[in-house]
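Written below as structure tokens is the structure these notes are about.
The values are calculated or read from the model by the stated rules, or taken from the named source; none is laboratory data. Remember, predicted model here, so these are calculated numbers, not experimental data. Methodologically, a virtual Cβ is constructed for each residue, glycine included, from the backbone with ideal geometry; neighbour enumeration extends over all protein chains shown. Calculation scope for accessible area: heavy atoms of the full protein, side chains included, ligands and nucleic acids excluded. Shrake-Rupley method; radii C 1.70, N 1.55, O 1.52, S 1.80 Å.
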Amino acid sequence: MRGFSRQNRVWGFMSTVLTMAVVVSLTWGMPGAGLNSAQAATPAEILDMACAKAPVVVVVPSMDQLSKKVSQLNDLLGLADPNLGDLAGAFRSQTGMHKGLDGSGAMMLVMQPLTEAFSKMKVDAPNGESPEFVVLVPVSDYGAFVGNFEGGDAGAAVTEVVMRGGQKSYLKSIPGYAVLGRTEKVVSSYESAKQGAAMWGKAKGLNADFVGKADAWVMVNMYAMSERLAPKIAEMFVGMKAHMGQAADQMAANGQAMDTAMTSAVFDMYAAVAQRIASDATVLSLSIDLNETGLGLNYVAQFKPDSYLGKIFPNSTATSSLLARLPAKPYLMAMGMNLAEIDIKTLMGDALANLPEDNAFMDLMGKKLQPVMEKMLGMASVYYAPENANMFGGGGMFTGLNVIETTNGKEYVAAMREYFEAINGLAIPMGVSQITGDPMMMSYSTSYTPAALEVDGRAVDMYQMQYNFPPEVMAQMGQMGPMFMMMGGQGQQGYISANEDFVVMTTSPDALLIQKGLNAVEQQSGIGSDGPIVAMREGDALTPNAMMEMFFSVSGIMNTVDQVVAGLMGGQGLGVDIPADLAPIAMSASVVDHGIVGRYYMDTKTVRTIVDVFYSVRQKFMGGGQGGPGGQGGQGEHRQPTQPMDPMFPGQPGQQPMRPMPAPH
């Protein structure tokens, strides 16, 4: 909005409350009855109210319903936050919209079409023209709604009103809504385009599955954005490169060095991706849904079928069978990706083409690693939860295993051997020594031993790759140095072997693990073949027929943290018991009709467990009130009462901002 100032608090609050609804829903999930009530209007019907060529539409389908869910969450977790106890009431109080507001209707924030002046506006001179917005407020009685404000005339085609806080705004009536804007011109000219079905149809993969059940969603119409947005993207990256040059000059003055050619090439690569999305996408969308089982955040990027990205991502097939080839053991993270229908060769080739030709590492990536990647049809990877005995030794605390589906297993192993042998002795600049003034280099030391083992009649090769960091760099890490090494910073070693068109590769020299991996490839009874992951696939936790699935095991992560804490504190761990069958945190993506649809999901029991663990650990190590958010005594004791929230200016006097959930210790 133009001329935005601190006096325009109501306007800011109206847009902020929509954003806050998204943030609150995204941050927490909750169980409970009544969270699946049907929306009064479909997404297409809601979008009918948007103006023609609206670049961005933000929707809260029902403020009252969202407020009810947030209030239940506030009680469930014992937050004792009065602002979350009645979000709809806070909205009415802050905006003065007490009468005539239909809390069950869809509230919309609609960006007006971008003008040529916007695309010419300079990033470093933001005081020119910027996008205009209107808010479509659902009303049950327009006359009563106008009566909330000073100076309004409900009988006028457009009426000027004085809103709470003293700023002038303009209102007019359209069926079911009050159009609220900051300028008379924008409000008087606003017309609903009745093009919801056409706009909604562009988000093919997301239509009925997720947004139709969402509690808040955003849709970006790239047809309306791309022409004006492209110049801004180009200008933004030019500015970023200019700042990079200034940083390089400053480092040079301090006796340090930056690989400006490489950094510039990376900027160019990101700029190319942004430009591709701007030109190739038809619609981008983000939505959030809460229900009895969990919390979902969904996104979609739909591309034109004949565009570059549309051809790279035509469709995809499920990756579930790949995850089943990972040996079943307690894990930290497991993922699978089916690349059979994705044009990886073109994507990698074009990305590497933008990188400097005189960079030895990138040259090696192009010549040796790219052919390896092109042989991949899919990959499943897992990092297992470490055991006490080997957490602080070997290749670090992460024991990993990869299963790669290839066009030819033996050729893939041969290509990996070439890569390991080629990278031996390669050195990468790491700035200039502040002690000697000489260039510092990080180098690779590798070895490769064919047929180091024989497992069930198969030859198993062994590789080793060590990262040699300059002593000065390690010294600069201070106390983080040992943690860096524990996390695998010194390198890795392991085994690699082919089983037909599948290759198994470990990140630790564990002969039993490579044997289990080779067997699991054939048996297909590993991670993801049963248990919580199967239940998540059968429900609505993942995108349909996901080509990418990623799972973070809360039990595996918490138990690992427990071991780390015990090692650092003389045997005293967290002292928490996490159910092994707790649903993992999930990420998934599908490619459908030249579009990417993704979903992040947390089961409500998982959220509750994480919160309970946090308060249990805080009680043990820091003291404080008894009980936790679940109500086992002392509900609400762990929170200090909050002050009335001013959502406009975080940190301003009189405000107690919403607190994000602290990270686990």
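One table, with the values for the structure above:
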{"read-out": "Residues of region 526-546 that turn out to be within 12 Å of residue 321 (Cα to Cα) and assigned to a helix (DSSP H, G or I), as a count", "value": "1"}
{"read-out": "Residues within region 297-311 that are in contact (Cβ under 8 Å) with a residue 24 or more places away in the chain, over 21 Å from the mean Cα position of the chain (by Cα) and open to solvent by 10 Å² or more (accessible area, probe 1.4 Å), tallied", "value": "5"}
{"read-out": "Positions within region 312-331 being within 21 Å of residue 513 (Cβ to Cβ) and crowded, with 23+ Cβ neighbours inside 10 Å, in sequence order", "value": "322, 323, 324, 325, 326, 327, 331"}
{"read-out": "Residue check for residue 354: more than 30 Å from residue 60 (Cβ to Cβ), open to solvent by 60 Å² or more (accessible area, probe 1.4 Å) and in contact (Cβ under 8 Å) with a residue 60 or more places away in the chain", "value": "yes"}
{"read-out": "Qualifying residues in region 571-582 (those that are of a type outside the set (A, V, I, L, M), in contact with a helix residue (DSSP H, G or I) (Cβ under 7 Å, 6 or more places away or on another chain) and under 23 Å from residue 329 (Cα atoms)) - the one surrounded by the most Cβ atoms within 10 Å (Cβ to Cβ)", "value": "573"}
{"read-out": "Subset of region 260-287 [without any contact (Cβ under 8 Å) to a residue 60 or more places away in the chain and either of a type in the set (Lys, Arg) or open to solvent by 50 Å² or more (accessible area, probe 1.4 Å) (or both)]", "value": "260, 270, 273, 275, 276, 277, 279"}
{"read-out": "Search result, residues across region 336-348 that are open to solvent by 30 Å² or more (accessible area, probe 1.4 Å) and under 21 Å from the mean Cα position of the chain (by Cα)", "value": "337"}
{"read-out": "Selection from region 509-541 of residues that are crowded, with 18+ Cβ neighbours inside 10 Å and acidic (Asp, Glu)", "value": "510, 540"}
{"read-out": "Conditions (1) over 23 Å from residue 61 (Cα atoms); (2) open to solvent by 40 Å² or more (accessible area, probe 1.4 Å); (3) modelled with pLDDT under 90; (4) not in a loop (DSSP other than H, G, I, E, B): number failed by residue 124", "value": "(4)"}
{"read-out": "Unique residue being of a type in the set (Val, Ile, Thr), open to solvent by 10 Å² or more (accessible area, probe 1.4 Å) and under 25 Å from residue 213 (Cβ atoms) when the list is 585, 557", "value": "585"}
{"read-out": "Residue match in region 514-532 (condition: among the polar types (S, T, N, Q) and on the phi > 0 side of the Ramachandran plot)", "value": "yes"}
{"read-out": "Residue match in region 272-282 (condition: within 23 Å of the chain's Cα centre (by Cα) and outside any helix (DSSP H, G or I))", "value": "yes"}
{"read-out": "Test: residue in region 598-606 that is open to solvent by less than 30 Å² (accessible area, probe 1.4 Å) and hydrophobic (A, V, I, L, M, F, W, C)", "value": "no"}
{"read-out": "Pairs with Cβ under 6 Å, 6+ apart, first in region 214-238 and touching a residue at least 12 places away in the same chain (Cβ under 8 Å), second open to solvent by 20 Å² or more (accessible area, probe 1.4 Å) and not in a helix (DSSP H, G or I)", "value": "218/58; 218/286; 220/56; 220/284; 224/53; 228/114; 235/123; 236/123"}
{"read-out": "Counted residues, region 146-169 - those being in contact with an Asp or Glu (Cβ under 9 Å, 6 or more places away or on another chain) and either open to solvent by less than 40 Å² (accessible area, probe 1.4 Å) or basic (Lys, Arg) (or both)", "value": "8"}
{"read-out": "Verdict on residue 251 being open to solvent by less than 60 Å² (accessible area, probe 1.4 Å) and outside any helix (DSSP H, G or I)", "value": "no"}
{"read-out": "Selection status of residue 589, among the small types (Gly, Ala, Ser), at negative phi and part of a helix (DSSP H, G or I)", "value": "no"}
{"read-out": "Selection from region 545-582 of residues that are at pLDDT below 80 and touching a Lys or Arg at 6+ places or on another chain (Cβ under 8 Å)", "value": "574, 575"}
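Every residue, every condition in (1) open to solvent by 50 Å² or more (accessible area, probe 1.4 Å); (2) closer than 25 Å to residue 407 by Cβ; (3) at pLDDT below 90, yes or no:
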position: 435; (1), (2), (3): yes, no, yes
position: 461; (1), (2), (3): no, yes, no
position: 475; (1), (2), (3): yes, no, yes
position: 488; (1), (2), (3): no, no, yes
position: 507; (1), (2), (3): no, yes, no
